[in-house]
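Before any comments, here is the structure.
The values are calculated or read from the model by the stated rules, or taken from the named source; none is laboratory data. No experiment lies behind these values; they were computed from the predicted model shown. All Cβ positions, glycine included, derive from the backbone under ideal geometry; neighbour counts span all protein chains shown. In case anyone asks, the SASA skips ligands and DNA or RNA and just uses the protein heavy atoms, side chains included. Shrake-Rupley method; radii C 1.70, N 1.55, O 1.52, S 1.80 Å.
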Amino acid sequence: MKIDQDKLLTFLNNGHTTLDNFLLLHYREIGMNNEELLVYIQTKMGIDKGNFEPSTELISQTMGWSAKKVFSYLDAMRKKGLVNFKSRHASDGKVTTELDFNPLYLALLNIKSTEGHADERVNNQGIPNIYKQQTQQADIYNLIEQEFGRPLSQIEIETIKQWFDIDHFDPKFIKAAVQEAVLNSALNLRYIETILVSWQKKNYHSLNDIKNERQKYRQYKQLQADEVVDIPTDVDILNTDWDKFK
């Protein structure tokens, strides 16, 4: 088969985009969904070529999406703490916005290690606390998206962000509240938040407090189920005041 030289040169001149296999294996663990990964790959292609302000228009043409949709995924990654938008003022007065994905890479360093013991974490000495918090948020985003079976909306992302920034809910309590919602088939953020507020008002400090509450509730339900009403056999069933047997 004869090779078209022009097409070959075009192919070679477009260069290559290198992706870390660790990212491809663990992107969901840092809170990225499939669509965000695709946008990241398209964006990284531009960054690798020296374009730190990728064009959402060009990316949208490649992906068959609108530029607005492309930006919405970039903004979602920003809100998850995976990318920073850095505005720069050029000498001609033009303002450019560059994308910095260092938070994403730091989040990857802070996820659970796949080697050794399952509960071990890679060494994150020297990583600022803000990145640890961003990773915790990403874990929650990812967990809720998995349980909901769909990507989170912008409003939902903002609500979860407020759980960290304003309400200061403990991440382990958030995960427990999500599990509670799943068990009760009530998969919505309002229900999860109601659980968290309830635990906060009860001044719970550990998961043992929640475990004890669940145990007491199960015991209470069991007692109700075990209650036997002593009904005489010589009564007129249709004309009996049942209140006296309660």
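Key figures
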item	result
Residue in the stretch 81-88 that is at pLDDT 80 or above, buried (at least 18 other Cβ atoms within 10 Å of the Cβ) and in contact with a Ser or Thr (Cβ under 7 Å, 6 or more places away or on another chain) present	no
Number of positions in the stretch 45-62 that are under 20 Å from Ser87 (Cβ atoms) and charged (D, E, K, R)	2
Output for the stretch 57-86, where each listed residue is of a type in the set (Lys, Arg), outside any helix (DSSP H, G or I) and either in contact with a Cys (Cβ under 7 Å, 6 or more places away or on another chain) or under 18 Å from Tyr27 (Cβ atoms) (or both)	Lys80
Residue satisfying all of: in the stretch 57-71; out of contact with any Ser or Thr (no Cβ under 9 Å at 6 or more places or on another chain) and touching a residue at least 12 places away in the same chain (Cβ under 8 Å); nearest to Glu98 (Cα to Cα) among these	Leu58
Total residues in the stretch 190-221, condition under 23 Å from the mean Cα position of the chain (by Cα) and surrounded by fewer than 18 Cβ atoms within 10 Å (Cβ to Cβ)	8
Residue in the stretch 186-203 that is over 30 Å from Pro151 (Cα atoms) and either at pLDDT below 80 or of a type in the set (Ser, Thr, Tyr) (or both) present	no
Leading residue by the ranking (least open to solvent (accessible area, probe 1.4 Å)) among those in the stretch 169-188 that are among the aliphatic types (A, V, I, L, M) and assigned to a loop (DSSP other than H, G, I, E, B)	Ala186
Members of the stretch 155-168 that are open to solvent by less than 20 Å² (accessible area, probe 1.4 Å) and farther than 15 Å from Tyr191 by Cα	Ile157, Phe164
Which listed residue, of Pro103, Pro54, is open to solvent by less than 30 Å² (accessible area, probe 1.4 Å) and part of a helix (DSSP H, G or I)	Pro103
Single match in Glu36, Glu53 (criterion: touching a residue at least 12 places away in the same chain (Cβ under 8 Å), under 19 Å from Lys79 (Cβ atoms) and of a type in the set (Asp, Glu))	Glu36
Cross-chain or 6+ apart pairs with Cβ under 6 Å, the stretch 193-205 first and under 12 Å from Trp163 (Cβ atoms) and in a helix (DSSP H, G or I), then modelled with pLDDT of 85 or more and of a type in the set (Phe, Trp, Tyr)	Leu196/Phe169
Hits in the stretch 136-154 (condition: touching a Leu at 6+ places or on another chain (Cβ under 9 Å) and open to solvent by 50 Å² or more (accessible area, probe 1.4 Å))	Glu147, Gly149
Members of the stretch 15-33 found to be assigned to a helix (DSSP H, G or I) and in contact (Cβ under 8 Å) with a residue 40 or more places away in the chain, listed by number	Phe22, Leu23, Leu25, His26, Arg28, Glu29, Ile30
